[in-house]
Structure formats: structure tokens, C-alpha cells
Amino acid sequence: MNDIAVLGAGMHPWGKWGRSFVSYGVAAARAALADAGLDWRDIGSIVGADTVRGGYPGYVAGATFAQALGWQGARVSSVYAACASGAQAINTARAQILAGLADVVLVVGADAAPKGFFAPAGGDRPDDPDWLRFRVLGATNPAYFGLYARRRMALYGDTPEDFALVKVKNAAAGALNPLARYRTPVTAEEVAASAVVADPLRLLDICATSDGGAALVLSGMDFARRHGHPDPVRIRAVSTVTPTYPKAVLDLPDIATDSAVSVSPAPLSFRASIARAAYEEAGFGPGDLSLAEVYDLSTALELEWYEDIGLCAPGEGAKLVRDGVTALGGRVPVNPSGGLASFGEAVPAQAIAQVCELTRQLRGEAGDRQVPGARAGITANQGLFGHGSAVVAVR
């Protein structure tokens, strides 16, 4: 096994704070270092997950955070992979540790998001698919989320009431999480009464955009044992696979699928292939999971993730949420943190925050939202341009 240890996990609370992303990242980094019992000067490498907001400092986040913490000679890397940026940063740190380039690595991601929907970067770029979908179709992210929801309704018979149950579940968990932005329980009636944003999805079906920061201190197993961590949470697998041609399901920010005239689509969807690769590396399957953290950009997408990570067959996701399987106290709680429904999306921090939640759960430190006897968990998310990730953590 190529396990690495999670020595520390730290976060800045999510919200709309009106400050630079750097302040959120530094606060999260300091919290992770304190959790690990290490000093910043002990760190041999820092990997920053980039943000496209905040100007040039956001494009070189690793160096930005290193400077803010105080130059001390550590190696530095900066990575960008849209919503998967945080997991790519974890994967970069893992590769450095396993290659012997660093004993202990700090991973940091933070964002200061705009109010409302994400928009394309400024300027005219007719060869940029993200620019095109906004300027040619006027398709914001929720427009895609609405299309995905309609697809589930057409294929599987899901209903808006099913989608609302996901929000109710995640809001109940988020109400127990002091780091979440939204900490008020929600009823299905309140979801149904909220404004329509992208039919059939309503305001409470779609995640907000948020400010926040998350950080991890990662090391090799020998370093962990030498520094007082004999039984740490371990990252056992990181999947960052790309799609397989032809893609038969529309993904952000594309405006068309690939032609399947001469080549049949792969048996697994892109999202399902992300999880499959993580399971194969970890050496176990979905039946071994205690919990999962998935990217619930919308309520309908969370149901899709249930199927993609193997908790049920295609089309059966709604039944899991109806039966309480994925709620706190259920067989496999999904998003016990409260998910994006309770946090909102701080893009480069989110995949790191997912691993922070797995860490707390596997340590038994999640308080009122603790999953009893948690031993293994998976995170999953998908970003633009063929990026996606899954991280498996065990104890």
C-alpha cells in the first residue's frame, strides 16, 4: 500500500466574509499545523490549489500562501483543476512524499467567491468552451444542473420531492457543523416554496458560492510515527482520471456530446470511472465504505453520485434518500458535513474540505454528526474540462 498519513486538518469557516482568499488559506493552514503538532518551519513542501479569482496571487497560490506564512525555503507547487483543484493538490503532495522529495507537505486551498453565479473570466475568447457556453447559450452552471435533473426525471422517474429530500438531509447535517455557512434545518415544504432557478430546480436545490479555506498536513508513515502519530488517518488512493471518448452525456462547460457513430461509449460514465479507479487503487469497494463526501452542486447531482460511487445501481439513488440510507444514522451517510448545500462552493478549497471531514469522522471527532465506527470513506467531485477526483481515506 502507498498510504500517506493525514497529520493535520484545518478549515476557515465558510461564509461571505469580504476579505482576501489569502487570509482564509492562512487561517486554515495554521489550524492544520496546530492539529498536526508541527511548526510551519517543519514543512518541506507546500502545495497550493489555485483560484482564478484574486488576480495573479490566485494563479500561484502555493507561493502566495508560503509568502503569507513566512518564507522558510520549502518547495512550492501550485495546481489548478477547476473544482478538482484541491484533490489535485493532495495528489501532488502525495507524489512528492512517495517519491522521497519531502517528508511532510502542507496542502492549502482557499477562495473568495463572487455573489451570485460564477461567470467566465473577462475578455473575448471564442476558442474557450467556458466563454462560449455563457456568451452563445447564456448557460450558467444552474442551467446545466437543471438539465441533469430533467434527465433523471425522464430516465428514472425522479421527482422534485426526491430532490428536496437531499436538501433536507444535508441541511440537518450542516446544522450540526460549526464550520458550515448555512446552519438552519430546512423542510421539504421550504424547498418547494423557494424560487425556481433552473426548472425543475429551486433556489434551495442549488449550492451557493462562498468564501472559505481548507488545509491538510500530509506525511509519510515513518515521519508520522516518529512525530507522535502511531495510528493516523491514511490516504490510500487518489483518482484523477479523465473521460473516455466518446462522452455520451453532456458535461460542463460543453455544449455538445461526442459522436458515437464509429465508437461506442464506455460502459462507465466519467463520474463512475473516477470512483472505480479509486476503489481499484485502494483495494476495496463501495461495500466497505462507512461514509462519503460528494459534490452536491445540486440536489439532483447528489443522487447521481450515489450511483456513480457504487452505493446503488443506476436509477436507484432516489430510493436511497427516501429510505434514509444516506442520512446521518443511515447505512452509509453521504455528506455528513452538510455538503455544498450547507457550505456553498469555495472552488479550490472544497475537495480539501471533503478530506478534512473524512479525517474528523475517521478519528471519531465529528461530534453530533459522528458516523459510529467509521473506518473508511471516499470523496468525489467533478470539475470543468475533464477534471474530477476521488480520495479514499481509511483508519
Over the heavy atoms of Phe134, what accessible area does a 1.4 Å probe trace out, to the nearest 10 Å²?
-> 30
Per residue, what accessible area does region 275-389 have, given a 1.4 Å probe and all protein chains present, in Å²?
-> 28
Ordering of 222-232, 45-55 by packing [mean C-beta count within 10 Å, highest first] = 45-55, 222-232
By average C-beta atoms within 10 angstrom, highest first, the peptides 313-325, 352-364, 259-271, 59-71 = 352-364, 59-71, 313-325, 259-271
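Note down the magnitude of the dipole of the chain about its Cα centre, charges +1 on Lys and Arg C-beta and -1 on Asp and Glu C-beta and zero elsewhere, to the nearest 20 debye.
Using only the charged Cβ atoms, the result is roughly 580 debye.
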Classify region 348-395 as rounded, prolate or oblate, taking a ≥ b ≥ c as the square roots of the eigenvalues of its Cα gyration tensor: rounded when a/c is under 1.5, otherwise prolate if a/b is larger than b/c and oblate if not.
-> prolate
Region 315-327 - phi-based ³J(HN,Hα) in whole Hz, Karplus 6.51/-1.76/1.60, Gly and Pro as x = x, 9, x, 4, 4, 4, 6, 4, 7, x, 5, 9, 8
Working out 0.36 nm times the residue gap between Trp71 and Glu365, then minus their Cα-Cα distance, what length gain in nm do you get to one decimal?
-> 102.6 nm
Round to a whole angstrom and tell me the spacing of the C-alpha centers of region 1-68 and region 90-149.
-> 17
Sorted by chain and then number, the residues having a modelled amide H within less than 5 Å of the amide H of Cys83, at least 5 places away or on another chain, are Gly383, Leu384
Rounded to the nearest 10, the angle in degrees between the Cα long axis of helix 21-36 and the longest principal axis of the Cα atoms of the chain comes to 60
Which loop-located GluC sites (Glu not before Pro) does region 136-240 contain, where loop means any DSSP state but H, G, I, E or B and the Cβ has at most 14 other Cβ atoms within 10 Å?
-> none
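Which shape class applies to region 282-337: rounded if a/c is under 1.5, otherwise prolate when a/b exceeds b/c and oblate if not, where a ≥ b ≥ c are the square roots of the Cα gyration tensor eigenvalues?
Verdict is rounded for region 282-337.
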Once amide hydrogens are built 1.01 Å from N within the peptide plane, the residues lying 5 or more places from Glu293 or on another chain with amide H under 5 Å from its amide H are Asn335, Ile378, Thr379, Ala380
Please label the shape of region 273-369 as rounded, prolate or oblate, based on the square roots a ≥ b ≥ c of the eigenvalues of the alpha-carbon gyration tensor (a/c under 1.5 means rounded; beyond that, a/b larger than b/c means prolate, else oblate).
-> rounded
Cut-off under 5 Å, modelled amide H: who pairs with Asp158 long-range | Met153
With no solvent and one equal point scatterer placed on each C-alpha of region 1-80, evaluate the Debye formula and give log10 I(q)/I(0) for q = 0.12 Å⁻¹, two decimals.
-> -0.35
In region 105-119, which residues have a backbone nitrogen under 18 Å from the label point lying 7 Å from Ser23's Cα in the Cα-to-Cβ direction?
-> 109-115
Order Thr242, Thr326, most accessible first, counting only protein heavy atoms with a 1.4 angstrom probe.
-> Thr242, Thr326
Counting only C-alpha contacts under 8 Å and six or more residues apart, can you give the relative contact order of the chain as a whole percent?
-> 25
Selected from Leu137, Leu33, Leu303 as most flexible by GNM, with the chain as the system and alpha-carbon contacts under 10 Å = Leu137
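The values are calculated or read from the model by the stated rules, or taken from the named source; none is laboratory data. Everything quoted here is computed from the prediction, not taken from an experiment. Positions of Cβ are backbone-derived with ideal geometry, glycine not excepted, and every protein chain shown enters the neighbour counts. Surface areas here come from the heavy atoms of the whole protein model, side chains and all, with no ligands, DNA or RNA. Shrake-Rupley method; radii C 1.70, N 1.55, O 1.52, S 1.80 Å.
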